[in-house]
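Please treat every number below as a calculation from the coordinates, not as lab data. What you see is a predicted model, and the numbers here were worked out from it, not measured in a lab. Cβ: placed from backbone, ideal geometry, glycine included. Neighbour counts: every protein chain shown.
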Amino acid sequence: MDSINRMAVELVDEALDFADELNVGAYELDSEATVLDFGVEADGGVEAGLLLVEIQTAGLATVQTRMDEVAGAPLPHVELSTDHPALALLCSQKAGWELAFETFDGLGSGPARALVGEEAEFEAVGYYDEFDLTVLAVESIELPGDEVAEHVAEKADVAPSGVFLPTYATGSTAGSVTAAARAAELAVFRLFELGYDPRDVLSVNGSAPLAPVSYDESVAMGRTNDAVAYGGQVYLQVREEFDHFEELPSAATAEYGTPFEEIFADADWDFYEIPETVFAPAQVTVDVVDGPTHVLGETNDAVLETSFGL
């Protein structure tokens, strides 16, 4: 497999070339790192969000929108499919890089993580990237500065001038798009956490509704997580049978039925105090090649209707 950072940088170049059309901002820091504003001060949009998901998955996933309903209301849904789930979802799209500084707080996802390779997924998949440019998508209410860029450069062992930081707030259109596109990733990550070999996940399709945008980050975090937990649908094609497939959907968790904003409040608004099992899609179909097909969980329009304010 070619460098996933190289593939992501090509998509970043596309975002830079069409920044005006995408309503995306771009500027160079003093360190010569490049920040792309997909939804902090810039408006961004659905098309910008779709390209951002492609960047996060290093071009190894097909991402698009379709129209469907939630509680009788027509709403866009985001669909993602990939035949490289271990690389695209676990080694790239997963938000596994905490960015905590005195003046900045954010969460990083994307192929820069594969240049560091400290998370357990990389050992399980057996993939570590090497490239002289890197991309880390940053979820934050603020745009990152040189402190963040230099930190990423040091960890990824690249020059600061080779760092690209596409950034977005949860409470933005791009934030809603990227969150909905995580349904498949959360199912594969949950499967990995349960002990399944991610290399035995052959193909994945996922979809979730596009949560209505709120500029209140707490509301936005609630809506975007509810979109997946109560509206997310995932199809997994896998190589081997497993005893714990029934633990994949959100209905298998003790918190099921509670809107995410309430769960977040109960955790004193500390994202890292929330049980990882909460982050799961509503409904999962697991198709074991030359074996049984498991259909697990169900969507829940009642919770979404309340969460989305329909």
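With both residues required to sit in the stretch 4-308, DSSP beta bridges show an antiparallel share near 70%.
Treat every Asp and Glu Cβ in the stretch 202-301 as -1 and every Lys and Arg Cβ as +1, leave all other atoms uncharged, and give the resulting dipole magnitude about the Cα centre to the nearest 20 debye.
On the way: 2 positive and 20 negative charges, 91 e Å.
So the magnitude is around 440 debye.
Pull out the extension gain between E273 and D2, defined as 0.36 nm times the separation in residues minus the alpha carbon to alpha carbon distance; nm, one decimal. Gain on extension, E273 to D2, equals 93.9 nm.
For the chain, leaving out every one of the GluC sites (Glu not before Pro) that falls in a DSSP loop and has at most 14 other Cβ atoms within 10 Å, the longest unbroken run is 131-239.
What net charge do the residues around T62 carry, taking every other residue with its C-beta under 10 Å from that of T62, with Lys and Arg at +1 and Asp and Glu at -1? Kindly include the intermediate steps, with their values, before the conclusion.
Values: positive: none; negative: E54, E79, D83.
Taking every other residue near T62 into account, the sum is -3.
A helix-only calculation puts the chain at -9000 deg cm²/dmol for mean residue ellipticity at 222 nm, using -39500 (n - 2.57) for each DSSP H run of at least four residues, averaged over all residues.
What's the magnitude of the charge dipole for the chain around its Cα centre, counting Lys and Arg as +1 and Asp and Glu as -1 at the beta-carbon? Answer in Debye, nearest 20.
It comes to approximately 840 debye.
The alpha carbons of the stretch 1-133 give a radius of gyration and a Dmax of 16.0, 50 Å, in that order. Treating each Cα of the stretch 1-77 as one equal point scatterer and applying the Debye formula with no solvent, the log10 of I(q)/I(0) at q = 0.14, 0.20 Å⁻¹ comes out as -0.54, -0.92.
Along its principal axes, the stretch 85-139 has C-alpha extents of 35, 22, 16 angstrom, given from the largest down.
Given +1 on the Cβ of Lys and Arg, -1 on the Cβ of Asp and Glu, and no further charges, what dipole in debye does the stretch 63-179 carry about its Cα centre, rounded to the nearest 20?
Numbers: 4 positive and 21 negative charges, 94 e Å.
Approximately 460 debye in magnitude.
How much net charge surrounds R190 when only other residues with a Cβ under 13 Å from its Cβ are counted (Lys, Arg +1; Asp, Glu -1)?
Numbers: positive: K94, R182; negative: E121, E185, E193, E246, E247, E276.
Charge balance in the 13 Å sphere: -4.
Of the Cα atoms belonging to the stretch 210-310, the radius of gyration and Dmax stand at 14.8, 47 Å.
Take the eigenvalues of the Cα gyration tensor for the chain, scale each by 5, and report the square roots as semi-axes in whole Å, largest first.
Values: eigenvalues 165, 105, 61 Å².
Ellipsoid half-lengths, sorted descending, are 29, 23, 17 Å.
Among residues other than P209 with Cβ under 13 Å from its Cβ, the summed charge is -3 (Lys and Arg +1, Asp and Glu -1).
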